[in-house]
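The structure appears below as structure tokens.
The values are calculated or read from the model by the stated rules, or taken from the named source; none is laboratory data. Predicted model only: the values in this text are computed from it and were never measured. Neighbour counts are summed over all protein chains in view; Cβ atoms, including those assigned to glycine, are modelled from backbone coordinates with ideal geometry.
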Amino acid sequence: MMYLVVHVRNPTVIGIGGFGNVFKYEWRDSELTVALKCLKVNTSIDVNIIKGFINELKLLRRVSKHPNVILFYGVTKDSNGYYNMVLQYADNKTLRDYLMTNFTKLEWADKLCIAKEIAHGLLFLHDNNIIHSDLHSKNILIHQRQPKITDFGLSRQKNEITSNSNLHGIQAYVEPQCLVNDKYRRNMKSDVYSFGVILWEISSRRPSFPSFESVLSLAVYISKGNREDPSNNMALDNIDTASSHNQ
Ligand SMILES: Nc1ncnc2c1ncn2[C@@H]1O[C@H](COP(=O)(O)OP(=O)(O)OP(=O)(O)O)[C@@H](O)[C@H]1O
């Protein structure tokens, strides 16, 4: 693991993570723009959080060589004594933001390209025996128009999964089996389900089931077999048309 000593001065806050802010930082020594993801917890008390952070570092170190997975440079400690992950800075926010802002400019070829690249990133994780477990449009960042899978906090190596962990994740992206069966363990197919919901979002622009405010009511709705309506989704018509052309 690379441990970097970086004298971080005046970083800009670009996001709020579960355990602290995410900063953009121009690292002048190496002319590199990086994102610093801060773990703002009391390291002597929050042992499980530390384990999650270390887990994320270990996984990132293994898989961050792929163009569709965020690059991981190392770890640093800031002047307040908090650990920070040093990551590649993604210049176009999350896939969700990107679709909201750029949808009208995107051609079908662009959308298919984004979808294909996410699939490549996910395949790479699975080939390395890693289940992401929390794949959704906010955990995919866009850098120079390329999607990068990120946020491995909940990911596990396949053989490390010992208990089910079905309650986490953005509900609409969670494989419905996790909602109806609390013994069900997330697996690679769960990631593929989440990827399917992301495809729906790429083609329709909007996140799945946006009108549900309560996580619980959405979970009940999905577990009853309800899904987003393909008829509202122009993309499926287009894809049908495209595939019939290819036959
Ligand atoms: N490498 C990066 N480059 C640019 N922006 C980033 C990067 N990493 C995170 N961000 C920004 O910071 C926000 C929060 O980051 P992130 O989702 O990784 O935090 P988190 O702790 O995992 O949050 P949560 O657990 O709630 O998903 C992201 O939505 C994104 O806007």
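Quick notes
For every residue, the table says whether it meets (1) at pLDDT below 80; (2) among the β-branched types (Val, Ile, Thr); (3) part of a helix (DSSP H, G or I).
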residue: 179; (1), (2), (3): no, no, yes
residue: 182; (1), (2), (3): no, no, no
residue: 196; (1), (2), (3): no, no, yes
residue: 200; (1), (2), (3): no, no, yes
residue: 203; (1), (2), (3): no, no, yes
residue: 208; (1), (2), (3): no, no, no
residue: 217; (1), (2), (3): no, no, yes
residue: 228; (1), (2), (3): no, no, no
residue: 240; (1), (2), (3): yes, no, yes
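- Within segment 68-81, the set of residues being under 17 Å from residue 32 (Cα atoms) and modelled with pLDDT of 90 or more comprises 70, 71.
- Residue check for residue 74: within 14 Å of the ligand (Cβ to nearest atom), at positive phi and either without any contact (Cβ under 8 Å) to a residue 24 or more places away in the chain or more than 14 Å from the chain's Cα centre (by Cα) (or both): yes
- When 148, 111 are screened for being in a strand (DSSP E or B) and of a type outside the set (S, T, N, Q), only 148 passes.
- Top-ranked residue in segment 1-35 [being under 14 Å from residue 86 (Cβ atoms), part of a loop (DSSP other than H, G, I, E, B) and not aliphatic (A, V, I, L, M); ranked as modelled with the highest pLDDT]: 11
- Check on residue 116, at pLDDT 95 or above, surrounded by fewer than 19 Cβ atoms within 10 Å (Cβ to Cβ), under 30 Å from residue 225 (Cβ atoms) and away from the ligand (no atom under 12 Å from the Cβ): yes
- Complete set of residues in segment 119-147 that are more than 11 Å from the ligand (Cβ to nearest atom), in contact with a Leu (Cβ under 8 Å, 6 or more places away or on another chain) and farther than 16 Å from residue 186 by Cα: 147
- Any hit, segment 54-67, residues being among the β-branched types (Val, Ile, Thr), farther than 19 Å from residue 120 by Cβ and more than 14 Å from the ligand (Cβ to nearest atom): yes
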